[in-house]
Structure formats: C-alpha cells, structure tokens
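Here is the structure we will look at.
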Amino acid sequence: MRLKAAEHGEEGMLVAVLASRIVGAESIRWSQGCDPPNPWLYGLQVAAEFRGQGIGRSLVRAAEELGRRHGADHMSLDVDVDDARAIAFYEALGYTVVRHHQHHWRSLDPRTGAVINEGTAPTLIMRRLLR
C-alpha cells in the first residue's frame with residue numbers, strides 16, 4: 001500500500017492506494033476546523049473489503065505527521081456521539097474526548113458551489129497531542 005498526499009490552500013487530502021486502486025482517503029483542514037487552532041481530520045473512509053488491515057490507522061498517522069510538519073501541537077477531529085466503533089478506533093490511536101459539539105455540515109453542488117442541503121449533528125471533539 002502507498003499513501004499519497006496533496007495539499008491545496010487550507011486543506012489537504014491523503015489517499016491509500018493498493019494495486020492502483022484507491023482503498024482509503026482522509027482530509028485535513030489546516031484552519032477553520034471544529035477545534036481551533038488545531039488541524040482537523042475529517043472524512044476518513046476505507047473501502048469495506050479493506051477494513052481491519054491498518055489502512056485507516058496508516059492514514060491517520062500520516063495526517064498526524066503532516067500536522068507536525070505544519071507545526072501543529074495537536075490534531076483534532078469530531079465523531080458522531082453514537083458511533084461507538086469510531087470512538088474506540090480513535091481512542092486506540094491516542095485521541096481523547098475533550099467536549100461535545102454541534103457539527104454544522106453543508107452539501108454543495110460541485111458545479112456551482114451552491115448549498116444543496118445543510119444541517120447539524122451532535123458530535124464529540126477528540127484531540128491528540130502530536131509532540
């Protein structure tokens with residue numbers, strides 16, 4: 001498996017590639033995340049048939065290394081309050097819950113940038129010391 005990183009302005013993306021196939025991805029927002037001033041991880045996804053093989057863990061660790069290179073002391077993320085599996089995954093990686101949060105989300109039309117839908121979801125902010 002190879003990890004590839006791309007950064008554009010205030011955001012970055014990591015992808016996991018196995019045999020020329022993208023099997024996982026994660027995004028990083030360097031500012032304006034849910035737990036300023038910390039970089040914010042979001043959108044971690046691993047293809048179902050590749051879960052449990054360390055791909056998600058590798059993506060998170062690579063994002064943390066990028067955070068260190070950007071001078072961050074902590075990395076943050078938010079997770080749905082009822083997603084016990086994701087909470088346990090992040091806790092195993094050293095993240096701790098620091099507070100409750102109402103996450104505001106928006107879906108945008110990729111062609112026009114217009115807001116298609118929006119709402120809120122109860123989440124937990126989790127944070128990990130990087131240094």
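The values are calculated or read from the model by the stated rules, or taken from the named source; none is laboratory data. These figures come from a predicted structure and were not determined experimentally. Here Cβ is always computed from backbone atoms with ideal geometry, including for glycine, and neighbour counts include all displayed protein chains.
Please determine, by comparing only the residues of the range 22-36 that are free of Cβ contacts under 8 Å to residues at least 24 places away in the same chain and part of a loop (DSSP other than H, G, I, E, B), which one is farthest from Ser107 (Cα to Cα).
It comes out as Pro36.
Considering the range 69-84 alone, what residues qualify as being in a helix (DSSP H, G or I) and at pLDDT 95 or above? Step through it out loud before you land on a result.
Taking the range 69-84 first, the residues in a helix (DSSP H, G or I) are 69, 84.
Across the range 69-84, the qualifying residue is only Ala84.
Only one residue in Val46, Val97 is buried (at least 18 other Cβ atoms within 10 Å of the Cβ) and in contact with a helix residue (DSSP H, G or I) (Cβ under 9 Å, 6 or more places away or on another chain), so which one is that? Spell out how you get there, then give the answer.
Values: Val97 fails: buried (at least 18 other Cβ atoms within 10 Å of the Cβ).
None of the others qualify; the one that does is Val46.
Kindly check whether there is at least one residue in the range 46-59 that is modelled with pLDDT of 95 or more, of a type in the set (Ser, Thr, Tyr) and under 26 Å from Arg2 (Cα atoms).
Yes, the range 46-59 contains at least one residue that is modelled with pLDDT of 95 or more, of a type in the set (Ser, Thr, Tyr) and under 26 Å from Arg2 (Cα atoms).
In the range 70-92, which residues are over 16 Å from Thr123 (Cβ atoms) and charged (D, E, K, R)?
Answer for the range 70-92, where residues must be over 16 Å from Thr123 (Cβ atoms) and charged (D, E, K, R): just Asp73.
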